[in-house]
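Notes follow the structure.
The values are calculated or read from the model by the stated rules, or taken from the named source; none is laboratory data. This is a predicted model, so every value here is computed, not measured. Note that we place each Cβ from the backbone using ideal geometry, even for glycine, and neighbour counts take in every protein chain shown.
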Amino acid sequence: MFQLLLFLLITMLFIYFSVILPKPSISKSPVGELTWGQDVSITCSISTQHLGGTFTLQQTSGSFRKSQTSSTNSVTFNIPQVTFSNEGSYQCQYQTRISSRDFRSPQSDSVRVSISVILPKPSISMIPVGNVTWGQTVSITCSISTQHLGGTFTLQQSSGSFRKSQTSSTNSVTFNIPQVNFNNEGSYQCQYQTRISGREFSSPQSDSIRLSVTVILPKPSISTTPVGQLTWGQDVSITCSISTQHLGGTFTLQQSSGSFRKSQISSATSVTFNITEVNFNNEGLYQCQYQTRISSQDFRSPQSDSVGVSVTVILPNPTISTNTGGAVTWGQDVSITCSISTQHLGGTFTLQQSSGSFRKSQTSSTNSAVFRIPEVNFSNEGLYQCQYHTRVSGRDFSSPQSSSVRISVTLILPKPSVFVIPVGKVTWGHHVSITCSISTQHLGGTFTLQQTSGSFRKSQTSSTNSASFNITQVTFSNEGSYQCQYQTRVSSRDFSSPESDPVGLSVAVTLQQPSICLTSPNTGLVCGPEGAEVIRGDDFVFTCSISSHFPGGVFSLIFSGSNITETKPAINNSASFSFPEADYEHQGNYSCVYEVVVVSRTFTSTFTAMSVTIKKAGLKLYLSKTYDWFENYPEKQIYLWVSNELRASSENHYY
């Protein structure tokens, strides 16, 4: 038993002392200095048959420690996005378990991890690209591809004094150089500097960019005044202008295919070249060029676009007029005057009918010509235009057509005259003649008589210069104003005169003076104004009568000196007024008046008067009656002589 235990102890001691692990090897990838934020791999490996152990990577002077079991003889430790805290020396150790016993290798050699911030070369660009115009603003942009923002960009002129720095929170910055000049010419580079964890880092210089300054003068503009074709002998101004700040230069105006060349210094942006009294030698194309000196360097603009100068004789529109103003009476003479405002006299005027055969030309040494058209008719109607032709320096020139003037041929008939026979008021039922007349050579027309505010209208053709219209038995419907108009046809055209002045027709009812008669037993029939005697107690009758063709009406018997007026209707143009017993109160003057209504109008005759005397009855009256009785009975002649004797003896005696 003792021997067995001793054997086992010797065996175990033998095994313990026989597992000696070698020093592991250590390496890193990538080799050399690491960039901040880069991933690094550290590989630990051991040359042993005792696999399946654990590798431990330990930062010598830091907190980093990691272990990793491996079934092989090596293991790789990855450290992502290294920072300065990962800097230092690292060692590996291998530990394994054999027969329930742990064995450790010695520490490996150290491997150094060094971290740096490697900034890339910045990029540089310029706006505008290429040559920069003097006075222009230039922008130079510096940019860098890095995560370490918040640094400072520096722009440095390689061979000049320009140096500017600018901090930026982004990955780029723009440096503006306003109003560049030749001092700003040269090469420029950018550099980026930043501070990370208390350490300063600078990028390499960027590539160079070239800033070249030049004066690029724009193409001048050119214009003429007046624009378009020029008139021979006219003055023309050619203006050259340029849009630039570099003033004080020289403008040159050059005729492209001629001998004209002029230069002019100007303190402004433009200059005007005057060419007086142009002629055909001045025709052609012209161009401008501008030249100036800046910082002892001469600069020229490109040639301007061409402007053409074309010289012609531009004749104005002639004016045209007629001596009649347009409207012409048939058979009248017409004069048409063409005139032009020009210095080129001695040419030819042509008068042309626009839509007819009339065309005449007339040479004139003045600026006008008169064309005469005698005894116009309708074939001369229409529009007329003038044109002027002249020859200047061997070239023929024509004016444009004048505006049109119209000749209208018409018959201007005068206003007819009108008169009424009889003159004045016309009695109802009488005959009236209204005569229309006109002073014209165009006879054979028609006169029309028109009642202004009534229905009367009559027309009458006449071979003379007048016509009479008869109105028989006029009534009030014929009253009013009348006008005449004359119409005639000449060369298949109808012409009408204006209305005549109005003439009035007034109709009146003229009543005759009525007659008055008195009838009584003693006096008999007495008519007229001489008066009548009526015996007191006798009856008497007044009869009023009138000669009238108006039916009806009334008679009024008026006893003057009293308010006695008696009215009776007229029967057969008369009326009787009876007094049954004459008395002294009936003595006085009596008048008859006739009144009649015609078409709602009342007409009254004049008064006819008669005086009445009332006599006392006596023997004379008795004898007179007796005598009259015997005269009526011849068989009583025996008593006639007595009656006559008594009548004679009773002369101048009254009982």
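Side notes on the structure shown:
- All positions within region 321-347 that are farther than 13 Å from GLU375 by Cβ and in a loop (DSSP other than H, G, I, E, B): ASN323, THR324, GLY325, GLY326, ILE340, SER341, THR342, GLN343, HIS344, LEU345, GLY346, GLY347
- Scan of region 456-493 for residues that are closer than 18 Å to GLY429 by Cβ and among the small types (Gly, Ala, Ser), ordered by number: SER477, GLY480
- If you go through region 165-209 and keep only what is within 30 Å of GLN297 (Cβ to Cβ) and either free of Cβ contacts under 8 Å to residues at least 40 places away in the same chain or not assigned by TED's automatic domain parsing to the domain that holds ILE140 (or both), you end up with THR174, PHE175, ASN176, ASN183, GLU185, GLY186, SER187.
- Conditions (1) touching a strand residue (DSSP E or B) at 6+ places or on another chain (Cβ under 7 Å); (2) within 30 Å of THR60 (Cβ to Cβ); (3) surrounded by 12 or more Cβ atoms within 10 Å (Cβ to Cβ); number of the one not met by ASP102: (3)
- Tally, over region 461-498, of residues that are closer than 30 Å to TRP330 by Cβ, loosely packed, with under 13 Cβ neighbours inside 10 Å and of a type outside the set (Gly, Ala, Ser): 4
- Meets criteria (out of contact with any Ser or Thr (no Cβ under 7 Å at 6 or more places or on another chain), among the charged types (D, E, K, R) and at negative phi) for GLU479: no
- Here ASP494 clears all of (1) within 30 Å of VAL409 (Cα to Cα); (2) in contact (Cβ under 8 Å) with a residue 12 or more places away in the chain; (3) within 52 Å of the chain's Cα centre (by Cα) except the condition numbered (2).
- Among the residues of region 296-308, none qualifies, meaning not one is over 30 Å from SER404 (Cα atoms), outside the structural domain of HIS344 (by TED's automatic domain parsing), buried (at least 18 other Cβ atoms within 10 Å of the Cβ) and in contact with an Asp or Glu (Cβ under 8 Å, 6 or more places away or on another chain).
- Test: residue in region 567-579 that is of a type in the set (S, T, N, Q), farther than 14 Å from THR613 by Cβ, over 60 Å from the mean Cα position of the chain (by Cα) and modelled with pLDDT under 90: no
- Qualifying positions in region 381-413 - over 30 Å from THR312 (Cα atoms) and touching a Pro at 6+ places or on another chain (Cβ under 8 Å): LEU413
- Here LEU217 qualifies as crowded, with 17+ Cβ neighbours inside 10 Å, at pLDDT below 95 and more than 21 Å from ASN279 (Cα to Cα).
- Residue match in region 101-122 (condition: under 30 Å from SER165 (Cα atoms) and free of Cβ contacts under 8 Å to residues at least 60 places away in the same chain): no
- THR60 over 60 Å from the mean Cα position of the chain (by Cα), farther than 20 Å from LYS23 by Cα and touching a residue at least 12 places away in the same chain (Cβ under 8 Å): no
Okay, residues lined up against (1) assigned by TED's automatic domain parsing to the domain that holds THR606; (2) in contact with a Cys (Cβ under 8 Å, 6 or more places away or on another chain); (3) not small (Gly, Ala, Ser):
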position	(1), (2), (3)
PRO498	no, no, yes
ASP501	no, no, yes
THR519	yes, no, yes
ASN522	yes, no, yes
VAL526	yes, yes, yes
GLU530	yes, no, yes
GLU533	yes, no, yes
ASP538	yes, no, yes
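- Residue that is farthest from SER306 (Cα to Cα), among those in region 246-268 that are part of a loop (DSSP other than H, G, I, E, B) and without any contact (Cβ under 8 Å) to a residue 24 or more places away in the chain: SER267
- In the set (1) aliphatic (A, V, I, L, M); (2) part of a strand (DSSP E or B); (3) surrounded by fewer than 17 Cβ atoms within 10 Å (Cβ to Cβ), VAL271 fails one condition alone, (3).
- Filtering region 277-294 for residues that are surrounded by fewer than 18 Cβ atoms within 10 Å (Cβ to Cβ), in a loop (DSSP other than H, G, I, E, B), touching a strand residue (DSSP E or B) at 6+ places or on another chain (Cβ under 7 Å) and not assigned by TED's automatic domain parsing to the domain that holds THR363 leaves a non-empty set.
- Restricting VAL376, VAL405, VAL370 to residues that are within 43 Å of the chain's Cα centre (by Cα), surrounded by fewer than 17 Cβ atoms within 10 Å (Cβ to Cβ) and not assigned by TED's automatic domain parsing to the domain that holds ASN279 narrows the list to VAL370.
- Residue in region 110-127 that is surrounded by fewer than 13 Cβ atoms within 10 Å (Cβ to Cβ) and among the charged types (D, E, K, R) present: yes
- Conditions (1) assigned by TED's automatic domain parsing to the domain that holds ILE26; (2) surrounded by fewer than 16 Cβ atoms within 10 Å (Cβ to Cβ); number of the one not met by LEU149: (1)
- Sole exception among (1) modelled with pLDDT of 85 or more; (2) of a type in the set (A, V, I, L, M, F, W, C); (3) not assigned by TED's automatic domain parsing to the domain that holds CYS544 for VAL642, by number: (1)
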